[in-house]
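What follows is a single structure, written as structure tokens, with notes after it.
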Amino acid sequence: MAIGILGGTGPAGSALAVRLASVGQDVVIGSRSTERAEEVRAELIARWPGRQLALRGGGNDEAADCELVVVATPWDAAASTAASVGPRLEGKVVVSMANAIAKVGDELQPLVPPRGSVAAGVQAAVPAALVAAALHHVPARELGDIDHPVECDVLVCADQPAALKAASDLVAAVPGLTPVDAGSLSSAAAVEAFTAVLLQVNRRYRTRTALRLVGLPRG
Ligand SMILES: NC(=O)c1ccc[n+]([C@@H]2O[C@H](COP(=O)([O-])OP(=O)(O)OC[C@H]3O[C@@H](n4cnc5c(N)ncnc54)[C@H](OP(=O)(O)O)[C@@H]3O)[C@@H](O)[C@H]2O)c1
């Protein structure tokens, strides 16, 4: 199954792309510019020359032709980007990983996007897609460093069981990432907003935290 990433040229999308490719997934890095997507693909291949990374670069439309599609644009471009390839997303699972965050003075603060969450906005923009929200808290730098494992619980929210399963399977394909069913898409508002809290903790402690829940049955 190929995975397409809309806005896959940024830190988050390219990190996800290379991590998924490192575990044998076929990934299309999508962009508004095919040249930019090719550049980012070439940079990733050059950084890990010994790996067989099944990465392709292309337009967002090519990424949207994949069986599963991730939206990795800035929050305020997520719904419009999904809508721009809307017919290609019909009936597919679309994973929104965008967080609505603003820098206010020294603080990173959560914004309330239209419809309450970025994921809900994406779902409204492509009503025939099955939207899940996931991967909001996984730091791009660790995710993109495929020489080292990444450790994180990943909250997954979705309204349809098929979206929950596909997004959870995507997360579980990466060793060290554990999908956690966090409820319906309405929970995405809290999940997205919590990213600002983690980023604030990171600034205060000069580190990059990741989420690990205690009390969950494991294995
Ligand atoms: N950075 C992290 O650690 C991290 C972790 C988890 C989740 N996230 C979330 O993932 C998302 C992407 O993060 P990022 O840091 O990679 O963002 P970014 O670099 O600002 O944007 C990602 C890509 O989106 C495309 N894009 C930018 N503006 C756009 C617009 N107006 N319309 C359509 N496409 C646009 C660009 O690709 P092209 O120019 O090639 O089209 C860009 O390379 C964010 O919502 C962020 O909250 C980030």
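Just so it is clear, none of the values below were taken in a lab; they were calculated from the coordinates. From a predicted model like this one, the values you see are computed outputs, not experimental measurements. Note that we place each Cβ from the backbone using ideal geometry, even for glycine, and neighbour counts take in every protein chain shown.
Numbers for the structure displayed
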item: GNM flexibility winner over the chain from Glu192, Glu43, Glu62 (Cα, springs under 10 Å); result: Glu43
item: His148-Ala172 pseudo-label distance in nm [points 7 Å out on the Cα-to-Cβ vector]; result: 2.7 nm
item: Under-5 Å amide H pairs with Asp153, H placed in peptide plane, nonlocal only; result: Thr178, Leu211, Arg212, Leu213
item: GNM result for the chain, Cα springs below 10 Å: residue of Ala120, Ala102, Ala78 fluctuating most strongly; result: Ala102
item: Among Leu89, Leu108, Leu55, residue whose mean-square fluctuation peaks in a GNM of the chain (springs only between Cα atoms under 10 Å); result: Leu108
item: Long-range HN-HN contacts of Gly59 with modeled amide H, under 5 Å; result: Ser31
item: Where Rh is the Kirkwood radius over Cα pairs, Rg/Rh for the range 1-130; result: 1.00
item: Net charge of Cβ neighbours under 13 Å - reference Ala133; Lys, Arg +1; Asp, Glu -1; result: -2
item: Debye, to nearest 20: dipole size of the range 2-205, +1 on Lys, Arg Cβ, -1 on Asp, Glu Cβ; result: 180 debye
item: Computed label-point distance, nm, for sites Tyr205 and Arg47 using a 7 Å Cα→Cβ extension; result: 2.5 nm
item: Total formal charge among the other residues, if their Cβ is under 12 angstrom from that of Thr34, Lys/Arg +1 and Asp/Glu -1; result: -1
item: Relative contact order computed over the chain (Cα-Cα under 8 Å; 6+ residues apart), in percent; result: 18 percent
item: The chain - share of DSSP beta bridges that are antiparallel (%, nearest 5); result: 20 percent
